[in-house]
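Undergrad: Take this structure first; my questions come after.
The values are calculated or read from the model by the stated rules, or taken from the named source; none is laboratory data. Remember, predicted model here, so these are calculated numbers, not experimental data. Note that each Cβ is placed from the backbone with ideal geometry, even for glycine, and that neighbours are counted across all protein chains shown. The protein model used for the area step is the full one, side chains on, heavy atoms only, and it has no ligands, DNA or RNA in it. Shrake-Rupley method; radii C 1.70, N 1.55, O 1.52, S 1.80 Å.
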Amino acid sequence: MPSSTFPALTTPAGPTLAEAPAWNRQRRSAMPAHRYRDAHSRVDIPLADRDWPSRRLLQAPLWVPVDLRDGNQALAEPMDPARKRRFFELMVAMGYKEIEVGYPSASRTDYDFVRLIAESDIAPDDVTLVVFTPARRDLIERTVESIRGIRNDVVIHLYTATAPIWRDVVLGQDRAGLRQLILSGGRDVLQLAGDLPRARFEFSPEVFTLTEPDYALEVCNAMTELWEASPDRPVILNLPATVEIATPNVYADQIEYMHRHLDRRDSVILSVHPHNDRGTGIACAELAVLAGAQRVEGCLFGNGERTGNVDLATLALNLHAQGVDPMIDFSDIDEIRRTVEHCNRIEIHPRHPYVGDLVHTAFSGTHQDAIRKGFAEHRRRAAAERRPEREIEWRVPYLPIDPADVGRSYDEVIRVNSQSGKGGIAYVLETEFGIELPRRLQIDFARRVQQHTDASGSEVAGDQLWGLFREAYLAPATESPVELVDCSTSGRSTSVTLRAGGVERTTSRDDAGPVEALTAALAEAGHPVEVLSLHQTGMSAGSTGDALTLIEYRRGRTTGWAAGLDRSVHSATLHAVMRASAAE
């Protein structure tokens with residue numbers, strides 16, 4: 001039945017599944033799932049035994065960013081030459097050694113950019129350039145024309161869709177006819193570019209995941225034979241998940257089948273190009289590498305048609321988080337993000353893995369407490385091992401990598417809102433102001449901050465947190481009945497002068513410190529206060545280096561906290577006691 005609050009939704013009201021346990025009360029919905037066929041009924045998955053589940057990722061594959069071609073095609077406003085160049089220079093600086101630079105036959109902009117590379121020195125000698133073309137002679141000719149004179153190694157990437165529905169609906173070819181079309185394109189590439197000494201070839205059976213495995217194997221083997229793949233001039237066979245259709249394990253099975261059965265396997269670079277239609281592009285790529293893939297095409301932060309290409313940044317930093325060198329530099333991830341956002345004109349989500357503004361941030365109190373304790377343990381361990389903190393093993397809870405590895409500071413690791421706890425609040429005060437709160441004061445102050453955030457519904461920044469602290473523990477009482485005029489020590493005696501009702505009175509105590517003498521004088525003046533504990537700390541960032549004294553006190557049946565702030569530790573302590581004596 002339609003929801004009263006959301007009339008466009010129909011709350012599932014069908015029967016529960018007969019086989020469902022009693023605790024599962026989900027009901028059949030009105031969603032038309034019957035219109036779709038599962039992957040196993042659309043394509044045969046011939047692999048019964050598999051090796052990939054027992055393998056581990058021990059080294060980075062060859063990363064090939066396709067932002068300048070595949071990513072660019074997916075932009076509402078494709079990149080102009082200046083943005084293309086900026087993006088290319090970023091990828092070179094990060095360490096990518098094979099970069100797809102365009103689709104020269106598709107637009108003048110792409111053609112001109114390839115020519116810019118040919119006629120300038122923006123591509124280092126060790127960077128391989130990839131150009132993309134359909135299997136059509138006139139387009140292959142223009143593609144080869146665009147790379148004439150390039151000093152770098154070049155890969156000419158030929159593609160044709162091979163899945164049955166594409167053969168039937170788009171291309172109008174049966175299996176044999178499409179095989180001849182593909183081979184014809186391969187012969188054109190060989191005729192037009194076979195004499196180029198630094199050119200290699202790549203073939204993609206587009207929509208590989210929906211192509212019959214035996215047919216994908218047949219056309220791939222035919223292409224490696226035609227192009228005479230050899231170990232010193234290998235052919236790239238790129239197997240795209242053009243549209244994600246199944247769980248990642250199915251893609252891994254398809255890749256391992258090809259890996260096992262390809263001819264000239266030592267002369268083939270097995271590549272994958274996962275998209276993200278099901279939201280599992282990362283998993284597909286990782287499992288594909290376990291299954292035998294040696295090369296991964298994708299985009300920085302996952303731009304691409306529909307839900308995007310696989311995210312090369314996340315893939316690489318996933319390896320980094322497992323102790324494997326990603327072979328790419330992400331040490332200034334915010335500059336990388338700014339450049340990608342500028343070139344793509346698409347903002348990156350604040351929760352995007354590794355790069356989002358909030359990915360290293362904890363608001364939850366339990367998370368904050370664990371992170372704070374983790375940082376403290378990290379510092380202690382570094383000191384005990386006498387090694388820099390950046391060199392020892394990272395094991396701070398809730399932070400898969402050290403934010404400093406990607407150029408992030410620790411300032412935003414813990415932020416305070418209504419979900420925060422005492423640990424997070426204490427962490428912010430300590431990191432931003434140098435204040436170390438004792439545990440019981442953490443609890444007391446967290447209660448006050450909670451009241452504020454519940455009322456405001458907003459996040460509390462560090463300076464606001466300090467303002468709340470001052471108001472709670474440092475602000476003088478509005479009408480203090482007693483005023484401290486002087487407290488001085490001479491020899492073994494401490495004298496205290498108080499003013500109450502306009503009258504000053506001086507008392508002295510032998511063998512008593514300032515706090516003991518002051519509390520005794522306050523008791524005699526009718527304002528008794530008992531100091532239960534005293535903590536002294538300094539202030540650093542955002543302050544003038546003042547001393548801060550924190551005291552826990554009891555007045556009658558009431559306990560509380562007060563603070564004193566001054567350049568002098570002595571004065572700060574006396575201010576804290578006086579604040580406690582006048583607290584409501």
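Undergrad: Could you tell me the center-to-center distance, by alpha carbons, between the range 444-505 and the range 87-115 in angstrom?
TA: Their Cα centres are 63 Å away from one another.
Undergrad: Just to be sure I understand, if you calculate Cα extents along the principal axes in Å for this structure, which of (1) 88, 50, 45; (2) 75, 60, 37; (3) 109, 66, 43 do you get?
TA: Recomputing Cα extents along the principal axes in Å here gives the entry labelled (3).
Undergrad: Residues with amide H under 5 Å of D546's amide H, sequence separation 5 or more or different chain, H placed in the peptide plane at 1.01 Å from N; which?
TA: HN-HN under 5 Å from D546: M539.
Undergrad: Follow-up. Using a/c under 1.5 as the rounded threshold, could you call the range 82-188 rounded, prolate or oblate? The axes a ≥ b ≥ c are square roots of the C-alpha gyration tensor eigenvalues, and prolate needs a/b larger than b/c, oblate otherwise.
TA: Prolate shape, in that a/c is at least 1.5 and a/b is the bigger ratio.
Undergrad: Note down the magnitude of the dipole of the chain about its Cα centre, charges +1 on Lys and Arg C-beta and -1 on Asp and Glu C-beta and zero elsewhere, to the nearest 20 debye.
TA: Here the size comes out at about 1160 debye.
Undergrad: How many angstrom lie between the C-alpha centres of the range 116-158 and the range 299-361?
TA: 27
Undergrad: Same structure, new question: Which of the three applies to the range 174-297, rounded, prolate or oblate, going by the alpha-carbon gyration tensor with a ≥ b ≥ c and a/c under 1.5 meaning rounded?
TA: prolate
Undergrad: Turning to a different aspect of this structure: For the pair S120/T11, report the inter-label distance in nm, with labels modelled 7 Å from Cα in the Cβ direction.
TA: 6.1
Undergrad: When only C-alpha pairs under 8 Å and at least 6 residues apart count, what is the relative contact order of the range 205-348, in percent?
TA: 19
Undergrad: How much accessible area per residue does the range 292-406 have, in Å², with a 1.4 Å probe?
TA: Ligands and nucleic acids excluded, the result is 47 Å² per residue.
Undergrad: Further, regarding this structure: What residue among M91, P197, P388 has its Cα farthest toward the positive end of the dipole of the chain, where the charges are +1 on Lys, Arg and -1 on Asp, Glu, each on the Cβ?
TA: About the Cα centre, the residue reaching furthest to the positive side is P388.
Undergrad: Which residues does a label at L190 reach in the range 210-226, if reach means a backbone N under 12 Å from a point 7 Å past the Cα toward the Cβ?
TA: Inside the label zone: 222-226.
Undergrad: For the range 436-579, what is the charge dipole size about the Cα centre, in debye to the nearest 20, if Lys and Arg each add +1 at the Cβ and Asp and Glu each add -1 at the Cβ?
TA: Dipole size: approximately 280 debye.
Undergrad: Of all DSSP beta bridges in the range 113-249, what percent run antiparallel (nearest 5)?
TA: If we restrict to bridges inside the range 113-249, about 5 percent are antiparallel.
Undergrad: Let me ask something else. Enter the accessible area per residue of the range 145-275 (Å², integer; probe 1.4 Å; all protein chains in place).
TA: Result: 36 Å² of accessible area for each residue.
Undergrad: While we're looking at this one, here's another question. Can you tell me how much longer the chain between E516 and R387 gets when fully stretched, taken as 0.36 nm per residue apart minus their C-alpha distance, in nm with one decimal?
TA: 42.1 nm
Undergrad: Putting +1 on Lys and Arg Cβ atoms and -1 on Asp and Glu Cβ atoms, find which of V296, M258, A33 reaches farthest to the positive end of the dipole of the chain.
TA: A33
Undergrad: Before anything else, pin down the relative contact order of the chain: Cα pairs under 8 Å, at least 6 apart, normalised by residue count, whole percent.
TA: 9 percent.
Undergrad: Ignoring ligands, DNA and RNA, what percent of the accessible area of the chain is carbon or sulfur (1.4 Å)?
TA: 49
Undergrad: Still on this structure, please answer the following. Search the structure for amide H atoms under 5 Å from the amide H of T128, placed 1.01 Å from N in the peptide plane, and list their residues when 5 or more places away or on another chain.
TA: Excluding prolines and chain starts, which carry no amide H, the hits are E98, I99.
Undergrad: Of all DSSP beta bridges located in the chain, what percent are antiparallel, nearest 5?
TA: 50
Undergrad: Testing the spin-label approximation: label points 7 Å from Cα along Cα→Cβ at R448 and D405. State their distance in nm.
TA: 3.9
Undergrad: Within 9 Å, Cβ to Cβ, of L290, how many net charges do the neighbouring residues add up to if Lys/Arg are +1 and Asp/Glu are -1?
TA: -1
Undergrad: Using only the Cα atoms of the range 313-383, build the gyration tensor, take square roots of its eigenvalues as a ≥ b ≥ c, and label the shape rounded, prolate or oblate: rounded if a/c is under 1.5, else prolate if a/b is larger than b/c, else oblate.
TA: It is oblate, given that a/c is not under 1.5 and a/b is not larger than b/c.
Undergrad: Another question, then. Quick one: net charge of L484's neighbours, Cβ under 13 Å, K/R +1, D/E -1?
TA: Spelling it out: positives minus negatives among the neighbours equals -1.
Undergrad: Which whole-number value in Å² is the accessible area per residue of the range 22-84, probe 1.4 Å?
TA: Averaged over the residues of the range 22-84, the accessible area is 72 Å².
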